[in-house]
Amino acid sequence: MRKCNTEQIGTAIQQFMRLNGIETPYNQYRLIQAWPIVMGPLIKSYTANIFIKNQTLHVQITSPAIKQNLMMEHRRLARKLNEHVGAQVIEDIYFY
């Protein structure tokens, strides 16, 4: 028996998520969950609040010195987080 219209399960799931409007929220969730993994335990310990709005990751950092250092690297960090998720989820990071 030969199957003509076959596709990989990953592709089918991605199409299902896109058609039902859950791909973007799922990728945003994955990116927020990736923050402590990508940034490490030190930065995680100074992170108080994190959310995404209008393709910008908003991160509350409790240490002014660490916040200043992260602000200088915001574009590189955004690329690194997007690469970790495997999708273009955010364009920038705003630290407050």
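The values are calculated or read from the model by the stated rules, or taken from the named source; none is laboratory data. Nothing here was measured: the structure is a model prediction, and the numbers come from that model. Please note: Cβ atoms are built from the backbone with ideal geometry, for glycine as well, and neighbour counts cover all protein chains shown. These area figures cover heavy atoms from the full protein model, side chains too; ligands, DNA and RNA do not enter into them. Shrake-Rupley method; radii C 1.70, N 1.55, O 1.52, S 1.80 Å.
List of remarks:
- Residue satisfying all of: in region 53-74; part of a strand (DSSP E or B) and open to solvent by less than 30 Å² (accessible area, probe 1.4 Å); nearest to Ile22 (Cα to Cα) among these: Leu57
- Residues within region 41-52 that are assigned to a helix (DSSP H, G or I) and crowded, with 17+ Cβ neighbours inside 10 Å, tallied: 1
- Residue within region 51-63 that is among the aromatic types (Phe, Trp, Tyr), over 29 Å from Gln14 (Cβ atoms) and in contact with a helix residue (DSSP H, G or I) (Cβ under 9 Å, 6 or more places away or on another chain) present: no
- Subset tally (residues that are part of a helix (DSSP H, G or I) and surrounded by 16 or more Cβ atoms within 10 Å (Cβ to Cβ)) for region 75-91: 6
- Of the residues making up region 1-39, those that are open to solvent by less than 70 Å² (accessible area, probe 1.4 Å), farther than 19 Å from Asp92 by Cα and assigned to a helix (DSSP H, G or I) are Gly10, Thr11, Ala12, Met17, Glu23.
- Being closer than 16 Å to Leu81 by Cβ and in contact with a Ser or Thr (Cβ under 9 Å, 6 or more places away or on another chain) holds for only one residue in Ile61, Ile32, and it is Ile61.
- Tally, over region 58-96, of residues that are touching a Phe, Trp or Tyr at 6+ places or on another chain (Cβ under 7 Å) and without any contact (Cβ under 8 Å) to a residue 12 or more places away in the chain: 0
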